[in-house]
Amino acid sequence: GNMKYLIVYAHPNPRSFNHAVLETLEKNLREKGEVVVRDLYALSFDPVLSAAELAGLQKDEIPEAIKEEQVHVKWADIVFFVFPLWWAGPPAILRGYIDRILSKGFAYDFGPGGLQKLLSGKKLQIVTTMGESQQNYEASGMFASLRQTMGGVVSDFTGIEILPMRFLTSVTMVSDEERKKMLDELEGLAS
């Protein structure tokens, strides 16, 4: 049947290049299947995993807002995270989405046989816009670090397969033509 795509989008400015990435991706994916977009800022998603929520999770009590997001993740074949790189990681709102949505009992669990990866069979595609040059990030080890923290750890616990990450670098410095070219290159993602 049709492929099901979930795009989790985390940039506060609708006029950003990141938003252009979202629009391009959504358009491309709609030609291949069904698409749901969760714009975390537009949803005023609360990234904070509170003491009460944490206590509730121990008893398998999940807030409605979280259940709603988990329904989308469960539905999707491929999940996209689209975000700008801030301080070497995703914006807090997406970081908090990961903290709250990929909860024990939903994304992973511990059973008699140890760790159970509950999201096996799904794929995660990360697309991030970055201000610095590719050379700088290669040199500093930033790409490797993101592959580990955003990819490896999530995969190890949930069983989600991490697709090759797309790092769109130097976005603040390049010309509109070059940005257009980056958008065109998103064409082949998750096909």
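Take Glu23, Glu64 and sort them by solvent-accessible surface of the protein heavy atoms, 1.4 Å probe, largest at the top.
Per-residue accessible area, sorted high to low, gives Glu64, Glu23.
Taking every Cα atom in segment 61-108, find the radius of gyration and the maximum pairwise distance Dmax, and write them in Å.
Values for segment 61-108 (Cα only, Rg and Dmax): 11.7, 33 Å.
Would you work out the relative contact order for the chain, in percent, from Cα pairs under 8 angstrom that are 6 or more residues apart? Present the calculation step by step, with values, prior to reporting the outcome.
Values: 275 pairs, mean separation 45.3, N = 191.
Worked out over the chain, it gives 24 percent.
Between Arg147 and Val71, what is the label-to-label distance in nm when each label sits 7 Å out along the Cα-to-Cβ direction?
Here the modelled spin labels are 3.8 nm apart.
Using the heavy atoms of the protein chains and a 1.4 angstrom probe, tell me the accessible area per residue for segment 76-166 in square angstrom.
Here the per-residue accessible area is 45 Å².
Got a sec? What order do Leu54, Leu124 fall in by accessible area at 1.4 Å, biggest, i.e. largest, first?
On the way: Leu54 85, Leu124 0 Å².
Largest accessible area first, the list is Leu54, Leu124.
Once you charge only the Cβ atoms, +1 for Lys and Arg and -1 for Asp and Glu, what is the size of the charge dipole of segment 137-191 about its Cα centre, to the nearest 20 debye? Mind showing how you got there, number by number?
On the way: 5 positive and 9 negative charges, 28 e Å.
Computed about the Cα centre, the dipole is about 140 debye.
Accessible area of Phe17, 1.4 Å probe, to the nearest 10 Å²?
Looks like 40 Å² after rounding.
Across segment 7-108, how many lysine pairs separated by 8 or more positions, or lying on different chains, have Cα atoms within less than 18 Å?
4
Let me test this: with uniform point scatterers at the alpha carbons of segment 32-133, what is the Debye-based log₁₀ I(q)/I(0) at q = 0.13 1/Å?
-0.54
Calculate I(q)/I(0) for the chain by the Debye formula, one identical point scatterer on each C-alpha and no solvent, and give its log10 at q = 0.08 Å⁻¹ to two decimals.
Taken in order of the listed q values, log10 I(q)/I(0) reads -0.26.
Just how large is the dipole of the chain about the Cα centre, in debye to the nearest 20, putting +1 at every Lys and Arg Cβ and -1 at every Asp and Glu Cβ?
220 debye
Could you grab the relative contact order for segment 31-101? Cα pairs under 8 Å, six or more apart, rounded to a whole percent.
After rounding, I find 50 percent.
The values are calculated or read from the model by the stated rules, or taken from the named source; none is laboratory data. Everything numeric here is computed off the predicted structure, so don't read it as measured data. Because the Cβ atoms are built from the backbone with ideal geometry, glycine has one as well, and the counts that use them run over all protein chains shown. The protein model used for the area step is the full one, side chains on, heavy atoms only, and it has no ligands, DNA or RNA in it. Shrake-Rupley method; radii C 1.70, N 1.55, O 1.52, S 1.80 Å.
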